[in-house]
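The structure under discussion appears below in the form of structure tokens.
FYI, it's all coordinate maths here, none of it is from the lab. This is a predicted model, so every value here is computed, not measured. In this analysis, Cβ positions are derived from the backbone assuming ideal geometry, glycine residues included, and neighbour counts consider all displayed protein chains.
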């Protein structure tokens, strides 16, 4: 699991931003944390404060260590903070897997220009590598064995090179970390379309994927839980499987994608990812997850995600209705301000109990210690 994340000089974060997912000792909603780490987080913040950039930063590691779907170029076009273009961009991750705590840090000047990397496992440095000052480079035999490091430039991560060119599970902590990174997923659905990064590759056709899953009736049930009573069927149109909404005892019908609202289409996107990825992913980040949802649908999605114990999840939202202790906890709910992010627990000197109304406290300005 991801325990702590730091990023510096990336996009709108000129200084070090620390996203600490350490849990506190609350006796309610214990299923929202795992081994002392927040497993289900909701992040709030004003427009333009950096919630989207936070997700892109956390998932930077997928383009760095894996071959999974990368962010579109427009999302990483302005990689470094524009006020400090000559300053390195720094990422630091702290992962916990069982008894192993892994810290991995790397620096870049841009997306494809690596400067250095460092890997520490349980307090012991196993890799310290500079691409331009190799005199003090160190790579433990534990992770490289007899591998000769032959990098032709600074575009390929030395850690990725080692992992791809040594036997599987040569160094179990590294295998666990790479496996976690390969199963990280970020997605969003906004007016410009659906975008995802991580976990898999290629373009996803939602209607065809739903057809192939055979879960059309489960999707009908899911829509009904969200107050949408559609009778659905598939028809073959020009060799493609088209999802249809049927009316009047099948005497009238229309393509789902033609009549569904933006929110309903976003529900399809969530349902698609739930059936195609939730059994395998390790980390999920949904940006503006409820931008097109009624508050009741947003609540339902949070409840469904809270039931998924096999992966860590971070949502961003503006919906303060979700800021309630029946859905979250003070240590699982985060506020972003300029170059800072803090849990509600750490954003006030007041003791927060289960009976407190978090939304009311937030609106009344209780969380100012950030």
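Just want to confirm a number: the relative contact order over region 288-349, from Cα pairs under 8 angstrom separated by 6+ residues, in percent.
Relative CO of region 288-349 lands at 27 percent.
List the relative contact order of region 208-262 as a percent without decimals, with contacts defined as Cα pairs under 8 Å and 6+ residues apart.
For region 208-262, the relative contact order is 22 percent.
Just subtract the alpha-carbon distance of residue 122 and residue 249 from 0.36 nm times their residue separation and send over the number in nm, one decimal.
39.3 nm
Of all DSSP beta bridges in region 249-370, what percent run antiparallel (nearest 5)?
50
Got a sec? How would 314, 89 order by Cβ neighbour count within 10 Å, fewest to most?
With the sparsest Cβ surroundings first, the list reads 89, 314.
Please arrange 273, 186 by how many other C-beta atoms lie within 10 Å of their C-beta, fewest to most.
273, 186
Which percentage, to the nearest 5, of the DSSP beta bridges contained in the chain is antiparallel?
Roughly 80 percent of the DSSP beta bridges within the chain come out antiparallel.
Please state the shape class of region 239-370: rounded when a/c is under 1.5, otherwise prolate if a/b exceeds b/c and oblate if not, all from the C-alpha gyration tensor.
Prolate, since a/c reaches 1.5 and a/b exceeds b/c.
Give the order of 152, 275, 42 when sorted by the count of other beta carbons within 10 angstrom, beginning with the fewest.
152, 275, 42
For the chain, with a Gaussian network of springs between Cα atoms less than 10 Å apart, report the residue from 117, 208, 182 with the top mean-square fluctuation.
Of 117, 208, 182, the most mobile in the Gaussian network model is 208.
Tell me, in nm to one decimal, what length is gained between residue 258 and residue 110 on full extension, where the rule is 0.36 nm per residue of separation less the Cα-Cα distance?
Full extension of this stretch gives 49.2 nm more.
I'd like the orientation of helix 172-182 relative to the chain: the angle between its Cα long axis and the longest Cα principal axis, in ° from 0 to 90, rounded to 10.
Helix 172-182 and the main axis of the chain meet at about 40 degrees.
Figure the gain on full extension for residue 304 and residue 195 (residue separation times 0.36 nm, minus the Cα-Cα span) and round it to one decimal in nm.
Here the segment from residue 304 to residue 195 would lengthen by 37.1 nm.
So for the chain, averaging the separation of alpha carbon pairs under 8 Å that are six or more residues apart and normalising by length, what relative contact order in percent results?
21
Efficiency by 1/(1 + (r/R0)^6): what FRET value for residue 165 and residue 101, r their Cβ-Cβ distance, R0 = 30 Å, to the nearest 0.05?
0.70
Nearest 10 degrees is fine. How inclined is helix 262-276 to the longest principal axis of the chain, computing both from alpha carbons?
60
Counting DSSP beta bridges with both partners in region 162-302, what percentage is antiparallel, nearest 5?
75
Report, in whole Å, the centroid distance computed from the Cα atoms of region 162-208 and region 123-141.
Value for the Cα centre distance between the two parts: 26 Å.
For region 309-356 and region 19-84, compute the distance between their C-alpha centroids and round to whole Å.
So the two Cα centres are separated by 14 Å.
Under 1.5 on a/c is rounded, so check that first for region 208-262, then, if it is not, pick prolate when a/b is larger than b/c and oblate when it is not; a ≥ b ≥ c are the square roots of the alpha carbon gyration tensor eigenvalues.
Judged from the Cα gyration tensor, region 208-262 comes out oblate (a/c at least 1.5, b/c at or above a/b).
Label region 65-106 by shape, choosing from rounded, prolate and oblate, from the square roots a ≥ b ≥ c of the eigenvalues of the Cα gyration tensor; if a/c is under 1.5 it is rounded, and otherwise prolate applies when a/b is larger than b/c, oblate when it is not.
oblate
Using only Cα atoms and rounding to the nearest 10 degrees, what angle (0 to 90) does helix 216-225 make with the longest principal axis of the chain?
Approximately 80 degrees, to the nearest ten.
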